[in-house]
Amino acid sequence: MSEILTDVLPVFLLILVGWVIVRTGLLKAEVGEAMSEFVFKIAVPLLLFQTIAEADFRGASPFRLWIAYFSGVAITWTAGHIVATRMFGRDARIGVLAGVSSAFANTIFIGLPLVGRTVGPDGVMAMSILIAVHLPTMMIAGTLLMEQAERKENAGAGRSTAELLRQVGSNLIRNPLVIGLFCGLIVHLTSLPIPATLGTVVDNIANIAGPAALISLGMALRQYGMSGNLGITSVIAAFKLFLLPACVLAAGLLLGLSPEWRAALVLTAAVPTGVNAWLIANRFGVGHSLAASTITLTTALGAFSVSLWAYLLG
């Protein structure tokens, strides 16, 4: 356990460093927002590009990996929706947001640095394969279900599915993460050589993606906080930190994933809720307190949950 804590605690301490920087007024929160932009648009895309371009897949198929992870997502999302609507009596829109908050892991800002530190290159490769479809799948599902819930609440008024898919597709095509993955895949498939000088620049930027992501996340945490019904927040947080990784672990074992890929997926599933839950709440103007509280609570408890799963994985 001491070895696990040695790997896990620095990840969450870097988040704490970012929070302290803003809390003490050493830097303004706007600096953290600028750092997040750098991480999302430059550093992480280059990390994904580097990983895919240099990866040795050894003939492994990505489909079992995707099935293992998203089967866990489907179960957890459904459980979150049912608890919010049946147990706590919330409307369908809050049900969708509860599902998103319980199943949308922070793969970029916490998952990648954590897996890179604890699992190593094979884990980062698994993460890159997951990220290739994670953001599109989760955002499309969340947006479509929220639009459907909006139409239900507004007696059928709302955008058509085709219009919605066009908008989401257009956003994804311009997404830096998607571009980085696609460019890395081209280099990998064509075996294009990367000039040594350019490769050094890519390596240097990719190496700071993890620490910069964690510090910028910590600097952004002050905007979330805890509010609203802590009962539903606690249940959704428990689903995110324990139900989702348990389902992913079971699916990974059933599908015979390698220990490295299985560990990468389970640890990713165990990390705090991603900020995309807040973005969806903000886009539709509903459930801000639930999304914010879940992000804050899961981040506060994340070091414990990740350490527990790392211990169980051996």
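Things to note:
- Selected residue (criterion: nearest to THR107 (Cα to Cα)) from residues of region 191-206 that are part of a helix (DSSP H, G or I), open to solvent by 80 Å² or more (accessible area, probe 1.4 Å) and not hydrophobic (A, V, I, L, M, F, W, C): ASN204
- Taking region 48-66 as the range and being within 17 Å of the chain's Cα centre (by Cα) and either open to solvent by 30 Å² or more (accessible area, probe 1.4 Å) or at pLDDT 90 or above (or both) as the test, the residues that pass are LEU65, TRP66.
- Flag for ALA237 being on the phi < 0 side of the Ramachandran plot, surrounded by 24 or more Cβ atoms within 10 Å (Cβ to Cβ) and small (Gly, Ala, Ser): yes
- Taking region 266-289 as the range and being of a type in the set (A, V, I, L, M, F, W, C), in contact (Cβ under 8 Å) with a residue 24 or more places away in the chain and not in a loop (DSSP other than H, G, I, E, B) as the test, the residues that pass are VAL266, LEU267, ALA269, ALA270, ALA277, TRP278, ILE280, ALA281, PHE284.
- Members of region 7-16 found to be of a type outside the set (Phe, Trp, Tyr) and under 18 Å from GLY116 (Cβ atoms), listed by number: ASP7, VAL8, LEU9, PRO10, VAL11, LEU13, LEU14, ILE15
- There is no residue in region 288-306 that is on the phi > 0 side of the Ramachandran plot, of a type outside the set (Phe, Trp, Tyr) and over 14 Å from the mean Cα position of the chain (by Cα).
- From the list ALA149, ALA126, ALA98, ALA84, the one residue that fits, being of a type in the set (A, V, I, L, M, F, W, C), free of Cβ contacts under 8 Å to residues at least 60 places away in the same chain and either at negative phi or assigned to a loop (DSSP other than H, G, I, E, B) (or both), is ALA149.
- Of all the numbered requirements in (1) in contact with a helix residue (DSSP H, G or I) (Cβ under 7 Å, 6 or more places away or on another chain); (2) open to solvent by less than 20 Å² (accessible area, probe 1.4 Å); (3) within 21 Å of ALA269 (Cβ to Cβ), ASP7 misses one, and that requirement is (2).
- Being in a helix (DSSP H, G or I), farther than 17 Å from GLY116 by Cα, open to solvent by less than 60 Å² (accessible area, probe 1.4 Å) and not aromatic (Phe, Trp, Tyr) holds for only one residue in ILE232, ILE186, ILE215, and it is ILE232.
- Condition check for ALA264: at pLDDT 85 or above, out of contact with any Cys (no Cβ under 9 Å at 6 or more places or on another chain) and either closer than 20 Å to ALA149 by Cβ or open to solvent by 10 Å² or more (accessible area, probe 1.4 Å) (or both): no
- Boolean, ARG90 is open to solvent by 60 Å² or more (accessible area, probe 1.4 Å), of a type outside the set (Val, Ile, Thr) and assigned to a helix (DSSP H, G or I): no
- Options LEU279, LEU254, LEU301, LEU297; residue that is open to solvent by 20 Å² or more (accessible area, probe 1.4 Å), among the aliphatic types (A, V, I, L, M) and over 15 Å from SER102 (Cα atoms): LEU254
The values are calculated or read from the model by the stated rules, or taken from the named source; none is laboratory data. No experiment lies behind these values; they were computed from the predicted model shown. For neighbour counting, all protein chains shown are included, and Cβ atoms are generated from backbone atoms with ideal geometry for every residue, glycine included. Only protein heavy atoms, including side chains, enter the accessible area calculation; ligands, DNA and RNA are left aside. Shrake-Rupley method; radii C 1.70, N 1.55, O 1.52, S 1.80 Å.
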